[in-house]
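Structure, as structure tokens:
What follows is calculated from the coordinates using simple rules that are stated; it is not laboratory data. What you are looking at is a predicted structure, and each value in this text was computed from that prediction instead of being measured. Please note: Cβ atoms are built from the backbone with ideal geometry, for glycine as well, and neighbour counts cover all protein chains shown.
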Amino acid sequence: MNTKPFFKVPILWLFALLALMLKPVQADVEWEQLLKLDLKAQILDVTASSDGDLIFALTPGHILVFSVADQNITNRIPVDKIYDRIAYAQNDTLTLTSHDPASLKILQIDRIYEIDLSNRPFKGAADAKITIAVFDDYQ
């Protein structure tokens, strides 16, 4: 015996009627240009870090690292000219790919932060190549 619940059919008709009555909504989009850089190099591909702080622009032979906070190019990473695509992964890696010749390269990105230690107590030589900063005042 094949029976349908009595409420199933009217609900389907109600959804169909509502779908016919609803009109699509058009939304305006507001935008503003935040920055425009005129680079001398051809940009092949672009990707951004997951936090949006860094933008990586792949050019023939280099990756230009752009800091959104500083509004300038902070670094240039040399790469082979064969790569034409770039992607950023959550674990701070850049993946470079080339279609001719077929090639893939993965780069690990480590951020280096400048910490102003002027007028701070320190041990050792003032011109040491490596500085270890200890943050032990948790107030």
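Enclosing the Cα atoms of the chain in their convex hull gives a volume equal to 392 cubic angstrom per residue. Specify which residue in the list 130, 86, 103 is farthest towards the positive end of the charge dipole of the range 75-133, using unit charges on the beta carbon of Lys, Arg (+1) and Asp, Glu (-1), about the Cα centre. Final value for the positive-end residue is 130. Among 71, 26, 90, the residue with the largest mean-square fluctuation in a Gaussian network model of the chain, with springs joining Cα atoms closer than 10 Å, is 26. In the range 45-108, the alpha-carbon atoms span a convex hull of 69 Å³ per residue. Local charge for residue 87 was computed over the other residues whose Cβ lies under 14 Å away, with Lys and Arg +1 and Asp and Glu -1, and equals -1. Counting lysine pairs in the chain that sit 8 or more residues apart in sequence, or on different chains, and whose Cα atoms lie under 30 Å apart gives 6.
Summing charges over neighbours of residue 59, with a neighbour being any other residue whose Cβ is under 13 Å away from its Cβ, gives +1 when K and R count +1 and D and E count -1. Dipole check for the chain: with +1 at the C-beta of Lys and Arg, -1 at the C-beta of Asp and Glu, and the Cα centre as origin, the magnitude is about 680 Debye. With a Förster radius of 35 Å applied to the beta-carbon distance between residue 112 and residue 29, the computed FRET efficiency rounds to 0.40.
Within 10 Å, at most 12 other Cβ atoms, and a DSSP state outside H, G, I, E, B define an exposed site. Report the longest part of the chain free of exposed trypsin sites (Lys or Arg not before Pro). For trypsin sites (Lys or Arg not before Pro) (loop position, at most 12 other Cβ atoms within 10 Å), the longest site-free span of the chain is 41-80. For the residues 41, 125, 19, a GNM of the chain with alpha-carbon springs under 10 Å puts the largest fluctuation on 19.
Centroid-to-centroid, using Cα positions, the range 38-52 and the range 60-139 are 15 Å apart. Projecting the Cα atoms of 72, 115, 47 onto the charge dipole of the chain (Cβ charges, centred on the Cα centre) puts 47 farthest toward the positive pole.
Over the chain, with a Gaussian network built from C-alpha contacts below 10 Å, which listed residue (112, 82, 11) shows the highest mean-square fluctuation? For the chain, modelled as a Gaussian network with Cα springs under 10 Å, the answer is 11. Every helix of 4 or more DSSP H residues in the chain counts as -39500 (n - 2.57), and over all residues that averages to -3000 deg cm²/dmol at 222 nm.
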